[in-house]
């Protein structure tokens, strides 16, 4: 009897060794000889063969087990901690296994018994951005979108009250923070239950010292003055953990960052290329603000001066922005067809903060014809350098010869400013004196 148990144990070990090494032929032979062996588990955590295949990313073995082994007809096999193979594949970043498990009907809303987390929590926690996108894409077409709700799924909390955005910010997963925010994650979500105060994602990012996460959360309207359960704002947490760069950006006395406009968030048909242009402009503006706050220290982010080369503007079919006279027109307004640069488009949408008491947000107005902006498109730039070579004597249009009165009268003051960055203080409601005082915060000594 002992000899039989010993032989059985060796047989079980052979199974898990074959799964770990991706030995598909051995596994196929085991299916023919003893199919019941696939019901066995290994180790204290009671991992099944499907769990092992997901951990090591053996997609051929995993596909075979799901398609040919009857025991794995349900892909949501649980280990000792009630974790599914989909959770383990998300933890280890095995994107091919994640997609195969989802195609086989794996339930994306399973909670484990360790922290009460789902596969979305684990993908965000470990920075698996590709797995995170795959799970979010599946949630849109999954029955969960109708029964549970997609927005509710994105903001699902674990036993500690943390959403996936909390975990991504806590561990400095800036790319996952970006993905979650663009899929409806609440930037102001708190970990407290039953109305009690708790930590926001910005608290976790400040405590962890991730400048990228702090920058991303601030650009989406995270409140720098939100206190946690102990009454500490994110600035205090950054100081306590000696994250001086984060503390400089989170200092309440520093200039407020430019926030991703609510009007643009509500434009569901905004094409990805236009959105990418506006996001790039937003980052450039906020980085210039950071440079002024950090006073060009070692952890600043220097950027070249935003200027337009006359040869570049002349060699393309796109004219200079008639508002700032510094950049090429990149955005076309619909339905009127007027054009301006991405920086001025953000200024148009951000010059007035949304009123939280109003149920809806007013659509922005075109500064040239005063019509409501329905959509924004990217201007197609065609290079005309060959035409310039053929006719070099063609007169070039000078920026100084532009008549600034062609635009709307409401934007004359804006064009006279010369630089959109100088307008940042007006957008955030700060006067120039307050901004200059905010620069001195970097002189703080710990």
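Sort out which residues of region 207-225 are part of a helix (DSSP H, G or I) and either more than 17 Å from the chain's Cα centre (by Cα) or free of Cβ contacts under 8 Å to residues at least 40 places away in the same chain (or both), and write them in order of number. Before you say what the answer is, go through the steps one by one.
Going through region 207-225, the residues part of a helix (DSSP H, G or I) turn out to be 207-208, 211-219.
The answer is 207, 208, 214.
Residues that are over 25 Å from residue 158 (Cβ atoms), at least 1 per element: which helices (runs of 4 or more DSSP H) completely within region 24-120 meet that?
Details: elements: 24-33, 49-56, 59-68, 85-91, 95-103.
Qualifying helices (runs of 4 or more DSSP H): 24-33, 49-56, 59-68, 95-103.
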Response to the item:
Of (1) in contact with a helix residue (DSSP H, G or I) (Cβ under 6 Å, 6 or more places away or on another chain); (2) modelled with pLDDT of 90 or more; (3) under 30 Å from residue 133 (Cα atoms), residue 18 fails just (3)
Practice prompt. Among the residues of region 346-386, write down those that are modelled with pLDDT of 75 or more and outside any loop (DSSP other than H, G, I, E, B).
Written response: 365, 372, 375, 376, 377, 378
Practice prompt. Determine which single condition residue 60 fails, assuming it passes every other condition in (1) without any contact (Cβ under 8 Å) to a residue 40 or more places away in the chain; (2) surrounded by 15 or more Cβ atoms within 10 Å (Cβ to Cβ); (3) under 33 Å from the mean Cα position of the chain (by Cα).
Written response: (2)
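Yes or no, residue by residue, for (1) surrounded by fewer than 16 Cβ atoms within 10 Å (Cβ to Cβ); (2) within 18 Å of residue 213 (Cα to Cα); (3) out of contact with any strand residue (DSSP E or B) (no Cβ under 8 Å at 6 or more places or on another chain):
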residue: 112; (1), (2), (3): no, no, yes
residue: 149; (1), (2), (3): yes, no, yes
residue: 162; (1), (2), (3): no, yes, yes
residue: 172; (1), (2), (3): no, yes, yes
residue: 178; (1), (2), (3): no, yes, yes
Worksheet, complete the sentence: Per the filter on region 184-206, residues surrounded by fewer than 20 Cβ atoms within 10 Å (Cβ to Cβ) and either touching a residue at least 60 places away in the same chain (Cβ under 8 Å) or within 26 Å of residue 272 (Cα to Cα) (or both) are 184, 186, 188
Worksheet item: Taking region 220-231 as the search range and keeping residues that are in contact with a helix residue (DSSP H, G or I) (Cβ under 8 Å, 6 or more places away or on another chain) and modelled with pLDDT of 90 or more, which one is surrounded by the most Cβ atoms within 10 Å (Cβ to Cβ)?
Response: 222
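The values are calculated or read from the model by the stated rules, or taken from the named source; none is laboratory data. This structure is a prediction, so every number in the text was calculated from the model and none was measured. Note that each Cβ is placed from the backbone with ideal geometry, even for glycine, and that neighbours are counted across all protein chains shown.
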